[in-house]
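Step one of this worksheet: look at the structure below.
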Amino acid sequence: MQKKVSPWFWKGFLALTLMAMAVVVTQAQDLKSFEQRITTKVLPNGLTLLICERPEAPVFSYTTFVDAGDVNDPSGESGLAHMFEHLAFKGTSEIGTKDYADEKVALDKVEAANNAYEAEYLKAVGRDEKKLAVLEQNFKEAQAEAHKYVVPNQFTDVAERNGAEGVNAETGLDDTRYFWSMPENRLELWAWLESSRLVDTVPREFYKERNVVIEERRMRTDSSPIGRLLEQFVATAYVAHNYGRSSIGWPSEVSQITATEAMDFHKKYYVGANIVVAVVGDVKAADAMPMLEKYFGRVPAGPKPEEMTTVEPKQFAEKTVTIREQTQPLYVEGYHRPDYRDPDDAVYDAIADIMSNGRVSRLYRSLVRDQQIAAESAGFSPYPGDKYPGLFVFYAYPLPEHTPAEMRDAIHKEIEKLKAADVTDEELQMYKTRTRADLLRGLADNQGLANSLAEYQTRYGDWRELFLQLDKVDKVTKADIRRVANQVFVPSNRTSAWIETAAPTATAGQAATAGKDGGAQ
Amino acid sequence: MKRIIQTSLVFAACAFVFSSGAIHAQQAKPWEKIPIPKLHEFKPHQPRRIELKNGIVLFLQEDHELPFVSGSVLIPGGARDEDAAKAGLVGLYGQAWRTSGTAKMSGDAMDDLLEAKAAHVETEGDEDSTSLSWDSLKGDTDQVFGLAMDLLFHPQFSAEKLQLAQQQVATGIVRRNDDEGEIAERESAKLVYGANSPYTRQPELATIGAVTVDDLKAWHDRTIGGKLIVSIAGDFNPAAMEAKLRTAFEGLPPAKPMPPRHDSFAGPKPGLSFIDKEDVNQSDIEIVGLGTDRHNPDVPAIAIMNEILGGGFASRLFQKVRTELGLAYSVGGGMSFAYDHPATFHVAALTKSATTVDATKAALAEIAGLNTQPFTDEELARAKENILNSFLFRYDTRDKVLAERVRLEFYGYPANYLETYKAALEKVSVADLNRVAKKYIHPDKLAVLVVGNGPEIKPGLDELKLGPVQSIDITIPMPKQPPAEQKQ
């Protein structure tokens, strides 16, 4: 039900950091213990089921990981993947309806009415406003008619009445994740609910939900200074790849997505080969797997959707964005980097860790502690996604009286140090130690684990990579860090964006009261 | 737990087949035929509680799943107890305590040592408490515990680190009007408790500038003699750990209780307030009143009423304002309860500027409806199932069980509070709901705050007919000098 929150944080395990000699449990033992507890099965339709037994309490968590996100939205339909995700909470032909046969007829009429309205609305020449008003009225009436068959929110209601906790979903640019936790005795009920909505989505109440999504955009992007800055930042950094597009959707596009488009997206991307379902908790694979197979076997096979052809061309011109408004200053800059499969992926994590992690980090010590010009400063990657080449982003919040330009200069100074001299042995070891420890810390949480296992299974074709990545972490050298820094952190590869605080404008602050005297206290 | 479904299941346990077609689907309710077996036997693992002669309480929660040990010392007294002229002191203390370090080791040296081990020792200031916490890999337990105890008993507050903390807090102060939601939350709480209440007063540049190193030391000396609650979780040897904790805490003088607070809570002045923000296209609507505390025996019934009003997807607010009207992405709320003082009644909705009046009316109608739209058996059953079937998630990890026990100990509630609370939830009836709605829901006593883009709000707020619209001035007071140069 939500867009991924703009992260000044790295997401999940991909980014978490590692070490050491002090760890009693060795990596091999970790992996071995998980090997014993994890069962995977690829169904004939291509869907992968993964069960991780962790019987600490009689509960389980799941993540359904669909390898499609807003990066896959067709041109002119930005926000579509997210819109579909909202639809997946609206029920099926069996749940959420009073009479599906009749509802289906009513929904087809809604779609026809919307098409008629949109055709008139989009006319470049000769739009007939009177006709438009009539068509809008028809559209509303068709929706009201269809609404008569709806049992509102029945899908989520059944889940919540059966103890579902944390019912939600997230649509990112790269993927869509559905998740919740439940008492273990509801496993079969969950399997029915989850597989039903993957297979049998009905575009119920679509146009009202579209308004809800537009409100979500107003909240996350339009009415948030950071949201506005980030949207402009990535739109400037990318010229070709969909990573540059508003992920929640440009207002003109998301407001005209149709139910037909959402269902087409579903048909293309919600196929077995594009879905991994991970379950972690008090579940016995031997008992559960046959039952899960029965339910999730219903997902259509379909071909794995073709990969995107667009590759962001090499940036050759430095770009900047300045937003002048009445909010406090903020500085962000980004450099293009390769995707997560790049052999240097762990090197980027090492740089982020050394520059940003905790009060020992270079940016904290330089900008916050010593120069005392920033309240917070860090660098992280990748943003806004990891499946395709993303950005390595640095940012700083200036202290009062300090400017974005000072942030930029101070960050560049630290980057130059990284390029000119090796990091210390201690810094490199610290990165490795913290990454390993953080990986271990994450293993005690069913939902986090389900999410990571599904993600690694999708991105690497094998959940074991969650543990095997530590090998790559261990192999990072000081020379790697210097090499990558020199390669990537160059002005021609940079896009920067900042907010400069503008003087207040004299707006009619009382306008909302329609002329009544407010009388500031 | 879920009787209806369980019984209907007995005869259908093996009979369930998928109905791939749609015919008669609406009557079928296939999910009701899915077997729900008995839940696996589960007894939450309780920590061992040890009360020392001086009143200090220890909790030991063993958990050998992963090779980590974590701990915390919870200290009574927090921001609500600080001097109003130095508002922000406890927040500064929470930062500077750790970053300053001890006589033996500076905070910076401690950072280097701990981070190299992927370990942490942190301090924090909260509304009613401060705390010291730590965590490390098992092999570093003794060393990290030693550092934490050094910091607890021998802190050395430094002017330099206080200044650093003041700069951080100052940044938060000057940025506090950037985010619409932050403004709405802060200012609506002020409407309920009063702008100068210990629960809502804001640190200002002047008040944080007035805080000195001596203030931090005095705060530490004043609170460290209180009834500390020490909790340890993870992969440790219980006998050795107990001995270690006894050595550290047994010799301390008898804990001094915090003096009781005598706050008064009048609740808001009814009416409509407005804050103009030119850079938004969505209004944040907050409808607020006074809430209650957990000692109130009506809390179980109120919790169920909350679930019906604004708890989940099926709640009245969600169904009406989001699903039916499509007016909001974010909508919800209810009457909250705190452990030792009344919390707030709070319903919020975010809607586009043009529908501010519609959404406010719709939310107010749902609140008023608690008294006029009778609660149904179906609503009661749904709310109970929602709460009771997921109750397990309050204690499904050993960390959660420990945190709950510490919380109950801190506020003086019995250790079996959750069990009795759950039993009371099960007994709530429709009559109880009607009674608590009548007792606590008074739409004429609620205040409404709108934060939004004035010129875009059409129709205007006067359409709500809630009396004259009061503008709230949220200008941030700027002292003559920057705070960093004021202190010491």
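The values are calculated or read from the model by the stated rules, or taken from the named source; none is laboratory data. This structure is a prediction, so every number in the text was calculated from the model and none was measured. No Cβ is skipped: glycine too gets one built from the backbone with ideal geometry, and neighbour counts run over all protein chains shown.
Being modelled with pLDDT of 95 or more, over 24 Å from A:Gly442 (Cα atoms) and touching a strand residue (DSSP E or B) at 6+ places or on another chain (Cβ under 8 Å): is that true of B:Ser129 here?
Details: modelled with pLDDT of 95 or more: yes; over 24 Å from A:Gly442 (Cα atoms): yes; touching a strand residue (DSSP E or B) at 6+ places or on another chain (Cβ under 8 Å): yes.
Considered against the rule, which asks whether it is modelled with pLDDT of 95 or more, over 24 Å from A:Gly442 (Cα atoms) and touching a strand residue (DSSP E or B) at 6+ places or on another chain (Cβ under 8 Å), B:Ser129 comes out as yes.
Filter the stretch A:444-466 for residues that are surrounded by fewer than 20 Cβ atoms within 10 Å (Cβ to Cβ) and assigned to a helix (DSSP H, G or I) and give the result. Steps first, answer last, please.
The first filter runs over the stretch A:444-466 and keeps only residues surrounded by fewer than 20 Cβ atoms within 10 Å (Cβ to Cβ), leaving A:444-445, A:447-448, A:460-462, A:464-465.
Result: A:Ala444, A:Gln447, A:Gly448, A:Tyr460, A:Glu465.
What residue, of A:Tyr364, A:Tyr395, is in contact with a strand residue (DSSP E or B) (Cβ under 8 Å, 6 or more places away or on another chain), of a type in the set (Phe, Trp, Tyr) and assigned to a strand (DSSP E or B)? Working first, answer last.
Details: A:Tyr364 fails: assigned to a strand (DSSP E or B).
Exactly one residue qualifies, and that residue is A:Tyr395.
Report every pair of residues separated by at least 6 positions or lying on different chains whose Cβ atoms are under 7 Å apart, first residue within the stretch A:248-264 and under 16 Å from A:Val212 (Cβ atoms), second polar (S, T, N, Q) and not in a helix (DSSP H, G or I).
The qualifying pairs are A:Gly249/A:Ser78; A:Val254/A:Ser78.
Condition check ((1) surrounded by fewer than 19 Cβ atoms within 10 Å (Cβ to Cβ); (2) free of Cβ contacts under 8 Å to residues at least 60 places away in the same chain; (3) under 17 Å from B:Arg48 (Cα atoms)) across all residues:
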{"site": "B:Lys400", "(1), (2), (3)": "yes, yes, yes"}
{"site": "B:Arg407", "(1), (2), (3)": "yes, no, yes"}
{"site": "B:Tyr411", "(1), (2), (3)": "yes, no, no"}
{"site": "B:Lys422", "(1), (2), (3)": "yes, yes, no"}
{"site": "B:Leu433", "(1), (2), (3)": "no, no, no"}
{"site": "B:Ile441", "(1), (2), (3)": "no, no, no"}
{"site": "B:Asp444", "(1), (2), (3)": "yes, no, no"}
{"site": "B:Val450", "(1), (2), (3)": "no, no, no"}
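Output the qualifying pairs, or none if there are none: Cβ atoms under 6 angstrom, residues six or more apart or on different chains, first residue in the stretch A:118-146 and free of Cβ contacts under 8 Å to residues at least 24 places away in the same chain, second residue part of a helix (DSSP H, G or I) and hydroxyl-bearing (Ser, Thr, Tyr).
From residues that are free of Cβ contacts under 8 Å to residues at least 24 places away in the same chain, the pairs are A:Leu135/A:Tyr117; A:Glu136/A:Tyr117.
Out of the residues in the stretch A:224-249 that are assigned to a helix (DSSP H, G or I) and of a type in the set (Ser, Thr, Tyr), state the one that is farthest from the chain's Cα centre (by Cα).
Looking only at the stretch A:224-249, we keep the residues that are assigned to a helix (DSSP H, G or I), and these are A:225-237, A:242-244.
So of that shortlist, the ones also of a type in the set (Ser, Thr, Tyr) come out as A:236, A:243.
Details: A:Thr236: 20, A:Tyr243: 12 Å.
Checked the stretch A:224-249; the qualifying residue farthest from the chain's Cα centre (by Cα) is A:Thr236.
Sort out which residues of the stretch B:376-395 are more than 15 Å from B:Gly312 (Cβ to Cβ) and either part of a helix (DSSP H, G or I) or within 10 Å of chain A (Cβ to nearest Cβ) (or both), and write them in order of number. Spell out how you get there, then give the answer.
Kept after step one, since they are more than 15 Å from B:Gly312 (Cβ to Cβ), are these residues of the stretch B:376-395: B:376-377, B:392, B:394-395.
B:Asp377, B:Leu392, B:Arg394, B:Tyr395 - these are the residues of the stretch B:376-395 that are more than 15 Å from B:Gly312 (Cβ to Cβ) and either part of a helix (DSSP H, G or I) or within 10 Å of chain A (Cβ to nearest Cβ) (or both).
If I ask for residues that are under 15 Å from B:Gly55 (Cα atoms) and surrounded by 11 or more Cβ atoms within 10 Å (Cβ to Cβ), which ones from the stretch B:244-268 would you list?
B:Leu245, B:Arg246, B:Ala248, B:Phe249, B:Glu250, B:Leu252, B:Pro254, B:Ala255, B:Lys256, B:Met258
Of the numbered conditions (1) away from chain A (no Cβ under 14 Å); (2) at positive phi, B:Gly326 fails exactly one; give the number of that condition.
(1) is the only condition that B:Gly326 fails.
Output the number of residues of the stretch B:436-464 satisfying the condition of being within 14 Å of chain A (Cβ to nearest Cβ), under 17 Å from B:Val288 (Cα atoms) and either β-branched (Val, Ile, Thr) or part of a loop (DSSP other than H, G, I, E, B) (or both).
Of the residues in the stretch B:436-464, 3 are within 14 Å of chain A (Cβ to nearest Cβ), under 17 Å from B:Val288 (Cα atoms) and either β-branched (Val, Ile, Thr) or part of a loop (DSSP other than H, G, I, E, B) (or both).
Condition test on A:Ala405, is it more than 14 Å from chain B (Cβ to nearest Cβ), part of a helix (DSSP H, G or I), among the aliphatic types (A, V, I, L, M) and surrounded by 19 or more Cβ atoms within 10 Å (Cβ to Cβ)?
Working: more than 14 Å from chain B (Cβ to nearest Cβ): yes; part of a helix (DSSP H, G or I): yes; among the aliphatic types (A, V, I, L, M): yes; surrounded by 19 or more Cβ atoms within 10 Å (Cβ to Cβ): no.
No, not satisfied.
Just to check your reading of the model, which residue among A:Tyr117, A:Tyr121 is more than 18 Å from B:Thr323 (Cα to Cα), crowded, with 18+ Cβ neighbours inside 10 Å and within 33 Å of the chain's Cα centre (by Cα)?
Working: A:Tyr121 fails: crowded, with 18+ Cβ neighbours inside 10 Å.
When all the criteria are applied, what remains is A:Tyr117.
Which members of the stretch A:43-61 meet the condition of being of a type in the set (A, V, I, L, M) and either surrounded by fewer than 23 Cβ atoms within 10 Å (Cβ to Cβ) or assigned to a loop (DSSP other than H, G, I, E, B) (or both)? Quick ask: steps written out before the conclusion?
First, pick out the residues of the stretch A:43-61 that are of a type in the set (A, V, I, L, M): A:43, A:47, A:49-51, A:57, A:59.
Within the stretch A:43-61, A:Leu43, A:Leu47, A:Ala57 meet the criteria.
Please list, ordered by residue number, the helices (runs of 4 or more DSSP H) wholly in the stretch B:178-270 having 1 or more residues that are of a type outside the set (Ser, Thr, Tyr) and over 30 Å from B:Thr344 (Cα atoms). Write out each step before concluding.
Working: elements: B:180-193, B:205-209, B:213-223, B:238-249.
The qualifying helices (runs of 4 or more DSSP H) are B:205-209, B:213-223, B:238-249.
Does A:Ala237 satisfy the condition of being over 15 Å from B:Tyr329 (Cβ atoms), more than 8 Å from chain B (Cβ to nearest Cβ), crowded, with 24+ Cβ neighbours inside 10 Å and touching a residue at least 60 places away in the same chain (Cβ under 8 Å)? Write out each step before concluding.
Details: over 15 Å from B:Tyr329 (Cβ atoms): yes; more than 8 Å from chain B (Cβ to nearest Cβ): yes; crowded, with 24+ Cβ neighbours inside 10 Å: yes; touching a residue at least 60 places away in the same chain (Cβ under 8 Å): yes.
So A:Ala237 passes the test.
What number goes with the only condition from (1) at pLDDT below 95; (2) within 11 Å of chain A (Cβ to nearest Cβ); (3) within 21 Å of B:Asn371 (Cα to Cα) that B:Glu307 does not pass?
If we test B:Glu307 against (1) at pLDDT below 95; (2) within 11 Å of chain A (Cβ to nearest Cβ); (3) within 21 Å of B:Asn371 (Cα to Cα), just (1) comes out false.
If you take just the helices (runs of 4 or more DSSP H) that sit entirely in the stretch B:67-169, which of them hold at least 2 residues that are closer than 28 Å to B:Pro257 by Cβ and either outside the structural domain of B:Val211 (by TED's automatic domain parsing) or not acidic (Asp, Glu) (or both)? I'd like the intermediate steps shown before the answer.
Values: elements: B:89-100, B:107-115, B:141-153.
Answer list for the stretch B:67-169: B:89-100, B:141-153.
Return the residues of the stretch B:109-133 that are closer than 22 Å to B:Ile229 by Cα and within 14 Å of chain A (Cβ to nearest Cβ); say none if nothing qualifies.
Step one: list which residues in the stretch B:109-133 are closer than 22 Å to B:Ile229 by Cα, which gives B:119-133.
Within the stretch B:109-133, B:Ala119, B:His120, B:Val121, B:Glu122, B:Thr123 qualify.
Where the second residue is in a helix (DSSP H, G or I) and surrounded by fewer than 17 Cβ atoms within 10 Å (Cβ to Cβ) and the first is facing chain A (nearest Cβ under 7 Å) and lies in the stretch B:31-47, which pairs have Cβ atoms under 8 Å and are six or more apart or on separate chains?
Qualifying pairs under 8 Å: B:Ile36/B:Gln6.
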